[in-house]
Each structure stands twice: as structure tokens, then as C-alpha cells.
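In what follows, a structure is listed as C-alpha cells, so that the remarks can point back to it.
The values are calculated or read from the model by the stated rules, or taken from the named source; none is laboratory data. All figures in this text were calculated on a predicted structure; none of them were measured in a lab. All Cβ positions, glycine included, derive from the backbone under ideal geometry; neighbour counts span all protein chains shown.
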Amino acid sequence: MAYSDKVIDHYTNPKNVGTLDKSKTNVGTGLVGAPECGDVMRLQIEVDQESGLISDAKFKTFGCGSAIASSSLATEWLKGKTVDQALAIDNMDIVEELNLPPVKIHCSVLAEDAIKAAINDYRVKNGLAELETVAAAH
Amino acid sequence: MELNLPIYLDNNATTPMDPRVLEAMLPYFVEKFGNAASRNHSFGWVAEEAVDYAREQVAKLIGADAKEIIFTSGATEANNLALKGVFEMYASKGNHIITCTTEHKAVLDACKHIEKMGGQVTYLEVKSDGLIDLGELENAITDKTVLISIMYGNNEIGVIQPVREISAIARKHGVLFFTDGTQAVGKVPVDVIADGIDLMSFSGHKMYGPKGVGVLYVRRKNPRVKVTAQMDGGGHERGMRSGTLNVPGIVGLGKACELCMNEMESEGTRLSAMRDRLEAALMQVEEAYVNGNREHRLPHTTNISFKYVEGEGLMMGFNKNIALSSGSACTSASLEPSYVLKALGLGDDLAHSSLRFGLGRFTTDEQIDFTINAITTSVLKLREMSPLWEMYKEGVDIDAIEWAHH
Ligand SMILES: Cc1ncc(COP(=O)(O)O)c(C=O)c1O
């Protein structure tokens, strides 16, 4: 199966690979997936608490090219958004942007899960209620 | 020598055809097109003569008699014929078959079919090096056992089972021994007499011959083995496999066997030296593991897991230039990694991290150098991106994390 040009581009030049300091209260970390399933994504956001905007986002992903591209794209989209806007990112937006085939849709689902998990971690750290979707997954 | 790209290192999936094989086949399409079963004119005689000659070439490679060679459409068909054919033919003696969990799907699925038909099948586990335990094999034999089916060389990890010891156990208990020789025949010396093999399958396209042609060897003496035909028709191939013979394919397979016979020794030495060099260089990468027994192994195969990176993602880093296969299966709906690697007791994470290298007749030293470089670079790059690698480096126990399984 051939990869789309956009997937290849993100794979070759991934955006925002790295690690943020997870001990900071304005950093939210989401770790989703499982090594046994062949994908693990860690996605982090740093929120500028004055403006409420996501000022930085980083990822590291263990997985196929589509998983790497999905998380790279997600970090690009997160920067500059408010936390609420970030919550609205839907996995199908990722599928569309990257032209993912049906067998790779789970990669986009994982990226959406990672965004939600990072936001949730940020909320919990800052005394806000846990997101319902994430709480339900426990 | 010049470097030829892309590099083909998936010779366990299929081999390119040797140009000498093609040359031998060419006259049998247009000019000498006869049906080998046409007994009353020269077109038929010419075809029959070509098939007879090929049958000799094939038999010679495995130390068999030409009469013991049944031509099929490939190893899948030969495996089905051996298993189902023995199950039916020896139904009055018993209904039990012993095989193992690392067999090719063509064996495992035929066994599943046999179970549906009322057969009993024991699937032996393998040890962590991929070899079966001979004691377990012997213990599994009952008075209903008619067949032991254990492959010669494994397609994914290349391990070679202790065929002679297996056949000795089979003999001792009066049980037939079938081996899927698809990956081994033509690559390592296989001798049906010395190895004590009663039935054996193999395939043209894994030994530089054409696709769509294969063999079931069926022993005719000590003991005389019979299989029930699985297709009804003209009674070709001593009644065991009906259908007009694929004359060009058979001629090509014969030539491929002759070439393997003549070149196996030097080729095996050359390939195992290249394979060992590749393996040694890749083992310089931190947290790289060779899967399966390294001593009892096909000369051209190695299977390596690069921990903390995923195989398919890894391949994307070089698959424009290098063709090989991974034990990961990120594309399959089940996301199940290789069942062979799992049978060795590898965790799913290591199975997802594996690459299979299958060298072949046309692999060059320059290609191996390029491969070592490309793979090392790709592993290092992906580790920089891997959260698991970071955790490992920080001393986090990854197994202790409660992962959310989806
Ligand atoms: C061990 C083994 N058995 C059987 C087969 C099937 O062979 P064929 O493609 O000739 O049907 C293969 C090839 O994939 C194989 O590796």
C-alpha cells in the first residue's frame, strides 16, 4: 500500500518531535495506545495561561508512518488554539488532511485520543473537572 | 561493482526467476506447446519428454526417484494434498495429525479443515529458539496418529527443524512424516532418504523458478505412501493430481532444481557470509535482537527485532530503496503481529519491531553495505521519535505501565 505524499512528508520531516517538562502545571501530557498494538503516542501541550492559547505542542510516537504523521499534524494544529478549540479536533479531519486509507483510520483515532488525554491532564492539574470522554475510558 | 536500487531482500516471499530458467522454458510456450498426455503424436511426445527430463532434475536434487515426484500448482496445493490426502487415505488407521504452531498458513489452515472433517490435530508449541521439542513430539503420538507434519525451514525466521530426529521418531512409531520443504529445498542439502522423509512439498518460485508450479514428493518404497487425490479428473500424476501438466512451468522448475543442485554449496557459503555480515553490523545497534536459533538456520535468512521502534514505520524510512518484510501488521484489521514470532514467546511489542531479511542469488555486497547504513539510520531516527525509547533510556519500566488496549 502506498502512502500519501502528506504522510511521507510528515514522516520525513516530522514537526514538533520532542518533550515538554511534564512537571509544569501548564503542561498537559497524553500517553495513549499500547506497545502490543503497535502504536503508542505521547502528545504534550503547553498552555500560555495569560492568553489561554496553546503555545507549544510536542509529540513522540512509536508506530507506523501514518501514526507518526497523524501526531505530527496534530501538534501543528494545536499550536495557537485555545484548549476548547483543540477539543474540537476530530479524527476525521486528520484522515481527510492526510488521505489516510480505511486501514489507517485507527491512527487518527489515536491522535484524537492523545489530544483529549493531554487536555485532560492539563485540566486535572489546574483543578478543572476531568473530561467526560476520557473519564469514561478509564 | 555498481549499486543497483531498489534492493530486493524479500527472497523468502518469492525469488526472481533465473534468466537461465526462462531460457529453458521459452520453447515450451509457442513452439513445443503439446499436451504431455497426448500419447499419439509428436507434439505430445515432445512435451512428455520435457516433463520426464524435468522430473529427473527435480528428483535428483532431493535424492528421490523420478516416479515419486507429483507436480502441483505450488506448495500451497502440495501441502493441502499431503495433509488432506493422507488424512483420507489412512482414515482406517487413525485420524490424528501432529504439527506445530509456526507452520505456514497452508499447513495450519489445511489442518483446521481436517479438524472440521472430524480429524484430531495437535499443534506443538515451539521453544523460544523456534525449534520443536522432540520429547513433546514423541509424547503427542497416539495409536490414532497417522501423520507428523513439521516444516523443514521456517519462512519467517529461517530456523531448520531437526528433521532427521523427527523422522526417526515417526519411523519408530509407524507414523508418516511430511515436511513443508518450500524454504529449504535448493538452499540447503535435502535428501529424502537420509532425512527419512515420506512426503515433502516445495515450490518453483522460492528457488529462482517460475510461479504456479510446485511438487509433492510421495515416497514409493519403505513404506509405499499414497494420498487421496483432492481434485477429480483425468488421473494424471499417478492418479494423485489430475489436470493437464504445466509443461513450461515444469521445465522451468526442473532447470531451477538443476541450478540449485550445482550452485547450492557455493551460493550457501556466499549468502551465509553476507547474512552474517549484515547481522553483525545491525547487532551493533543498541537493543537489537535476532529471533530464532542462529545455528540451525537457512543460510540466507535473518529476522531481527529493533526494540522500541515499530516495523512498518521503520520500513517506511527505506522502502523506496529496500524491499523486505516486517513481522508487524499495522495494516491488518486485527493489528496482530506475526504469529510465528509470538510462538517464540516474543512480546507483541518485539514482534511489531521485527524485520525479516531474505537474501538471494542476486544480492550483492554493495547492496548489503547500503542496507546496513539505511537501516541503522532509520532505526536511530525513529528512536528519536519513540516515546518508548525515551522511557527505556530514563529507566521507566514499560511493562509496568497500564496501557489502554484498544
Ligand atoms: C513454508 C512455505 N510453505 C508454503 C508456501 C506457499 O507456497 P506457494 O506460494 O507455492 O503456494 C510458502 C510461501 O509463501 C512458504 O514459505
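Restricting B:GLU267, B:GLU287 to those that are over 17 Å from B:LYS187 (Cβ atoms) and either touching an Asp or Glu at 6+ places or on another chain (Cβ under 6 Å) or in contact (Cβ under 8 Å) with a residue 60 or more places away in the chain (or both) reduces the list to B:GLU287.
Does B:VAL340 qualify as being away from every other protein chain (no Cβ under 14 Å) and modelled with pLDDT of 90 or more? Considered against the rule, which asks whether it is away from every other protein chain (no Cβ under 14 Å) and modelled with pLDDT of 90 or more, B:VAL340 comes out as yes. Scanning segment B:310-329 for residues that are at the interface with another protein chain (Cβ under 10 Å from one of its Cβ atoms), under 14 Å from B:ALA374 (Cβ atoms) and assigned to a loop (DSSP other than H, G, I, E, B) yields B:GLY317, B:ASN319, B:LYS320. Residues in segment B:1-25 that are among the aliphatic types (A, V, I, L, M), loosely packed, with under 14 Cβ neighbours inside 10 Å and closer than 17 Å to B:PHE318 by Cβ: how many? Selection size over segment B:1-25: 2. Entry remark, segment B:214-236: residues being within 16 Å of the ligand (Cβ to nearest atom) and assigned to a loop (DSSP other than H, G, I, E, B) number 2 in total. Residues that are surrounded by fewer than 17 Cβ atoms within 10 Å (Cβ to Cβ) and without any contact (Cβ under 8 Å) to a residue 12 or more places away in the chain: does segment B:93-111 have at least one? Yes, some residue in segment B:93-111 is surrounded by fewer than 17 Cβ atoms within 10 Å (Cβ to Cβ) and without any contact (Cβ under 8 Å) to a residue 12 or more places away in the chain. Of the strands (runs of 3 or more DSSP E) lying entirely inside segment B:82-195, the ones with 2 or more residues being over 29 Å from B:MET264 (Cα atoms) and away from the ligand (no atom under 16 Å from the Cβ) are found at B:96-100, B:120-124, B:145-149.
Looking across A:ILE54, A:ILE68, one residue alone is within 13 Å of chain B (Cβ to nearest Cβ), more than 9 Å from the chain's Cα centre (by Cα) and modelled with pLDDT of 95 or more. It is A:ILE68.
Only a single criterion out of (1) of a type in the set (Asp, Glu); (2) farther than 29 Å from B:VAL159 by Cβ; (3) not in a loop (DSSP other than H, G, I, E, B) is not satisfied by B:ASP276, namely (2). The listed residues are B:LYS206, B:LYS211, and the only one of them that is within 11 Å of the ligand (Cβ to nearest atom), in contact (Cβ under 8 Å) with a residue 24 or more places away in the chain, surrounded by fewer than 24 Cβ atoms within 10 Å (Cβ to Cβ) and under 15 Å from the mean Cα position of the chain (by Cα) turns out to be B:LYS211.
When segment A:1-33 is filtered for residues that are of a type in the set (A, V, I, L, M), within 11 Å of another protein chain (Cβ to nearest Cβ) and crowded, with 19+ Cβ neighbours inside 10 Å, the ones remaining, listed by number, are A:VAL7, A:LEU31, A:VAL32. When segment A:75-131 is filtered for residues that are buried (at least 23 other Cβ atoms within 10 Å of the Cβ), within 16 Å of A:ASP56 (Cβ to Cβ) and in contact (Cβ under 8 Å) with a residue 60 or more places away in the chain, the ones remaining, listed by number, are A:THR75, A:ALA114, A:ILE115, A:ALA118, A:ILE119, A:TYR122. The combined condition, being outside any strand (DSSP E or B) and in contact with a helix residue (DSSP H, G or I) (Cβ under 6 Å, 6 or more places away or on another chain), is not fulfilled by B:LEU346. Among the residues of this structure, A:ALA118 does not count as one that is in a helix (DSSP H, G or I), touching a helix residue (DSSP H, G or I) at 6+ places or on another chain (Cβ under 6 Å) and away from chain B (no Cβ under 12 Å).
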